[in-house]
Structure formats: C-alpha cells, structure tokens
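Structure first, commentary second.
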Amino acid sequence: MAQAETLALAGQVAVVTGASSGLGRATAVALAQAGADLVLLARSADDLAQTAAQVTSCGRRALAVPVDLAQADQIVAAWSRRSRSSAASTW
C-alpha cells in the first residue's frame, strides 16, 4: 500500500464497537494502519488493552473504554470520558 493510501485517515477519529476481538479488532487495526486514531469500545478491558496496544504500535492514539452497550448508564459514562482524552477530542 502506498504511503498516501496508508495515511488516508490521518487526523480522523474512528469509534469501533466490539473492538476487543474478531472483526472489531481487525477493523480497529486496519483503521489505525490507515492513519486514524481510535476510540475502542467493548466489554472486556483486558482484551481492549491488547487491541489498544496494536493500535499504538501503528503509531496511532487509542482510548480503550470498557463498556456494555446494552447498558445505557455505561454508554453515558463512556461518552463523558471523551473530553478527557486527546484521541477522542473530536468524538
């Protein structure tokens, strides 16, 4: 992939749900490789930390937010974290 294509999302922030494994993790890593910073959402804090490590190894910023999207109070708490992270400053 050419450098211009690799950084096509530079300066953008992507939010990925289910980022702790499978397609969510693969999507997060692909977006990081394309230059995006990430907000990673999933239930498993430990698995999210692994995804965040993969994202940062691509030179991108990651905010890992353990959250159960079926729980409204957890969504509100996750939203409130956005202002405390440079990765999510435009979220």
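None of the figures in this text is laboratory data; all of them are computed from the coordinates on show. What you see is a predicted model; the values in this text were computed from it and never measured. Glycine gets a Cβ as well: all are built from the backbone with ideal geometry, and neighbour counts include every protein chain shown.
Couple of notes before you dig in:
- Karplus (6.51, -1.76, 1.60) ³J(HN,Hα), θ = phi - 60°, over region 12-27, in Hz, Gly and Pro reported as x: 9, 10, 10, 10, 10, 8, x, 6, 7, 6, x, 5, x, 5, 4, 5
- In this structure the amide hydrogen of Leu9, modeled in the peptide plane, comes within under 5 Å of the amide hydrogens of Gly35, Ala36, none closer than 5 places in sequence on its chain.
- Taking a ≥ b ≥ c as the square roots of the Cα gyration tensor eigenvalues, region 3-82 comes out prolate, since a/c reaches at least 1.5 and a/b is larger than b/c.
- If a spin label sat at a point 7 angstrom from the Cα of Asp68 along the line to its beta carbon, the backbone N atoms of region 31-49 nearer than 15 Å would be those of 42-45.
- Under 5 Å between amide hydrogens, built in the peptide plane, is the criterion, and for Ala64 it picks out Leu40 among residues at least 5 positions away or on other chains.
- Extension gain, Ala30 back to Ala10 (0.36 nm per residue minus Cα-Cα distance, nm): 5.9 nm
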